[in-house]
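Any read-out appearing in this document is the output of simple, stated calculations on the displayed coordinates, not a laboratory observation. From a predicted model like this one, the values you see are computed outputs, not experimental measurements. Every residue, glycine among them, receives a Cβ derived from its backbone with ideal geometry; neighbour counts consider all protein chains shown.
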Amino acid sequence: MGRDATNGALAFALIYFTFFLDNVLLTVLVPIIPDWVRGEALELWTKNEAPLAILLNSTVHQIQVEDTSVGGSQAIVGLVLGAKAAAQLITAPFAGAAVCKHGPARVLQVATATLAAAATVFMLCSGRTGASGACCACAGRITHGAAAAMAGVAGLALAAAAVSNEQRDKAIGALLGAVALGVLVGYPFGGASYSLWSPGAPFLLISIALLTNLVMQIMFLDHEKFNQPIHQSETGVWGSASSMLRVAKKESVAACVGAVLLTTSVMAALEPCLPLWIMTVFHPQRWQTGVVFVPDSLGYLAAASALGGALHAERLALAGQLAVGLAALAVPLATSVSGLALPHAILGCGLGATDAALVPALLRRHTRHVPHLAALLQATSSLAYALGPIVGGVLSWCVGFETALRTLGVLNLLYAGFLYRALIAHPLSEQWGASTPEDDPESEEEGTPLRPQIYTPLN
C-alpha cells in the first residue's frame, strides 16, 4: 500500500470515527422523542432514566411548580429537542463556505472540537435544574447541531478527496452506516455509563473520545490535498447558499434531494408519534417501547454499508423509496409490538438504500461542487428532522396516527414515479446512459476551476 493510499485510509477512519461519535452523542441525549402536541409526552420522560431525560424531567417539574402550565413545560422540552435540527439547518451553508475557503480537513477538526464542547456542556448541565438547566441543555443542542453540520459537510468532502475513485462510493456508504451504528451504540452506552458512574459520565467519556480523535486528525490530516481551499467566483455564506441553490437546479439533483427529504421525513415523523401510539394501542412493557426503533437502525446500517457503490444507483434509489412508502403503509397494520419489527426493518433498509444510492452518485456526478452538494444534502436531512416531528405530530392530532403515516407512505409512492421520470431524463450512472462528469457541460461554470485540486484522487 502506497503512502497516498495509507493517508486515504487514515482519513476515512477518522471521518468514520467522527460520524460515529456524533451519533452516539445524539442517541445518549434522545432515547425517547416526546410528542410535542399531546400532553401525555411528559409521562414518557418521567419514566425514562436517560441523562437528558432526567435533566428535562427535573426542569419541567420545577417550571410546573412555578407556573402550573403543562403547555409551557411541553414548549421547554420541544425547544430543547428541536434546537439541534434548527442549528444544523442554519449552519449547513456556513459549513459549505468554510470547506471552500479553508479545506475539508480543517473544518472537520473544528467540527470535532465543537462536538467535544457540546458533550462538555451536557456534562455540566447534569447538575442543573429549572430555567438554567433548560438554557444549558438548549445551548448544548445548538452547539451539537452546528458541529454535526460542519462534520457532515467536511466529512463527505474529505472522503471525496481522500478515497480513490474505485472505493469512493463504498466508502461514502460506509460513512452513512456509521450514523446508524452510532445510534445503536449510543443508547446502551449512555444507560450503562450512567448506571455505573454518574449522569455526566457518558458525556465525559464521549468528550475524551472526541478530543482523542481531534489529536489524531491534527497529526494525520496535515496533508496539502486535505487542506487545499477551493477558489470560486462566489465566496462567503451568501455565495455558498447561492451555490447550493444553483447546484439544486442541476439535472436531477432537485428530484434526488426531494427523495431524501420525503424518505427521511417518515423516520422523523415516527420518532415522536410512534411511542405514544404503541402505548395507547398495545400497552407494552417499557423495554418494548425502547427497542422498537432498533430494527430500522439495523436495516439502515446493513443497507447503507452493503449497497454503497452498487451498480444501477437509479434502480436502488427507486426501490428504496418504494420500500419506505410500503413500510409506512404497513406500520399501522401491525397487531402487536413485535409485529412492528418487519415494517421497521424494511423502512430502515429502504432509507439506507436510498441514501447509499443517491449520495455517492450525486457526489460522483458533480465532483466540482462537492462542498455545496454536501451542504445541500445536510440541510435537507436537517429540514426533515426539523419539520417531520412537527408535521407528524400535527397530522396525528388532526387525523390520527394511522392516517398521518399512510399519507406519508402514499406521498413516497407517488414521488417514486416522479423520481423515475427525472432519473430517466437525467441518469446518474453510466449503466443508465449518464455521461461522465468531465463531459457534463452543466458543470463548467465561469469562475470555477475545471478540476479543483481538492478532489484529485490520491491514488
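Brief remarks follow.
- Calculated from backbone phi, Karplus (6.51, -1.76, 1.60) coupling profile of the stretch 329-343 in Hz, x at Gly/Pro: 5, 7, 4, x, 7, 4, 9, 7, 5, 5, x, 7, 4, 5, x
- Footprinting exposure proxy ranking of Lys249, Lys101, Lys225, Lys84, fewest other C-beta atoms within 10 angstrom first, gives Lys249, Lys101, Lys225, Lys84.
- P(r) of the stretch 321-401 over all Cα-Cα pairs, binned every 10 Å from zero, in whole percent: 16, 34, 33, 14, 3
- Each residue in Tyr300, Tyr415, Tyr420 was given a count of other beta-carbon atoms within 10 angstrom of its own, and listing them fewest first yields Tyr420, Tyr415, Tyr300.
- The distance between label points at Leu196 and Glu166 comes to 4.2 nm (points 7 Å beyond Cα on the Cα→Cβ vector).
- Taking each residue as 0.36 nm, the span from Leu245 to Ile218 lengthens on full extension beyond its C-alpha to C-alpha distance by 6.4 nm.
- Per-residue Karplus couplings for the stretch 368-385, computed as 6.51 cos²θ - 1.76 cosθ + 1.60 with θ equal to phi - 60°, are listed in order as 7, 10, 4, x, 6, 5, 5, 5, 5, 5, 5, 5, 5, 4, 5, 4, 4, 6 Hz, Gly and Pro entered as x.
- In order through the stretch 216-226: 3J(HN,Hα) via Karplus (6.51 cos²θ - 1.76 cosθ + 1.60), integer Hz, x for Gly, Pro: 5, 5, 4, 6, 10, 9, 7, 10, 4, 6, 7
- Likely footprinting exposure, Met244, Met219, fewest C-beta neighbours within 10 Å first: Met219, Met244
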